[in-house]
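Notes for the one structure printed next.
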Amino acid sequence: MLRYYDCIAINKTSSIMFKYILSVFILLILLFSVIIYNAINSFELVPHPEKYEIDYYHPETVIFEPDTSISGISLFSNVSYQDFLKGKKQIPVDGGNDNFVLIFTNIGETQLLKLYEHPEQQNHQFTEFEITKPSTARVESFLSANIDEFISETGIKMDMTIGQVKSIKGEPKIVNVDESEIQFTYILNDSIDKGFLKRHDIPIYYSEFNFTEGYLTKYKFGTRYQ
């Protein structure tokens with residue numbers, strides 16, 4: 001039979017073991033709670049790509065640089081256009097306002113490059129370029145470009161985030177918001193950069209970026225005549 005003191009020793013040992021197990025259990029619960037908390041806070045049900053600017057974007061260090069070409073085609077050089085066309089038949093499309101438009105698709109037919117020409121310009125010196133995504137129109141009717149994706153000389157391309165565009169172009173002059181659509185507009189006029197306009201003999205320069213749910217779906221830039 002166990003003596004009285006032996007029973008007391010056993011009870012003390014059991015109490016110590018119970019406290020130890022309880023402490024370990026509590027620590028495991030706390031550790032598990034921290035892991036769950038971090039996982040929840042790092043997971044976004046709705047992505048916010050504009051947050052990407054937080055890490056590396058400093059607007060005071062970004063100077064707006066206008067694009068003048070897409071994938072080697074220049075707004076101000078008909079030679080670059082002829083090299084790009086490579087003997088393809090021209091298919092002018094009515095662009096309204098006395099413009100006509102040449103439309104190219106990329107290799108995967110997931111993007112369109114639209115070249116707008118104005119009567120005041122020389123043959124195939126364009127006034128506006130636009131990169132966008134195809135609508136319901138048949139892309140077979142457009143010219144095919146041997147290019148995976150259309151990219152401007154400053155690196156602008158489809159599906160970039162708001163933060164990525166701002167890191168290249170800086171803060172827009174005008175911001176329009178419509179439900180899930182956001183449009184950035186950048187403008188160069190005589191009061192901002194007269195040298196650029198005079199060098200290219202244009203009255204004004206603009207660029208527009210259209211974002212859907214934070215991702216670039218349309219990019220248009222160039223000049224407009226009265």
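The table that follows gives values for the structure above.
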{"quantity": "All strands (runs of 3 or more DSSP E) inside segment 66-175 with 2 or more residues being small (Gly, Ala, Ser) and either modelled with pLDDT under 90 or in contact with a His (Cβ under 8 Å, 6 or more places away or on another chain) (or both)", "calculated": "93-96"}
{"quantity": "Scope segment 193-214; condition under 25 Å from the mean Cα position of the chain (by Cα) and of a type in the set (A, V, I, L, M, F, W, C); matching residues", "calculated": "ILE204, PHE209, PHE211"}
{"quantity": "Which numbered condition ILE147 fails, given (1) within 18 Å of the chain's Cα centre (by Cα); (2) surrounded by 15 or more Cβ atoms within 10 Å (Cβ to Cβ)", "calculated": "(1)"}
{"quantity": "First in segment 165-193 and within 19 Å of HIS58 (Cβ to Cβ), second anywhere and outside any strand (DSSP E or B) and basic (Lys, Arg), Cβ under 7 Å, 6 or more apart", "calculated": "TYR186/LYS169; TYR186/LYS173"}
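The values are calculated or read from the model by the stated rules, or taken from the named source; none is laboratory data. Note that the structure is predicted; figures quoted are calculated from it, not measured. Cβ atoms come from the backbone with ideal geometry, glycine included; neighbour counts cover every protein chain shown.
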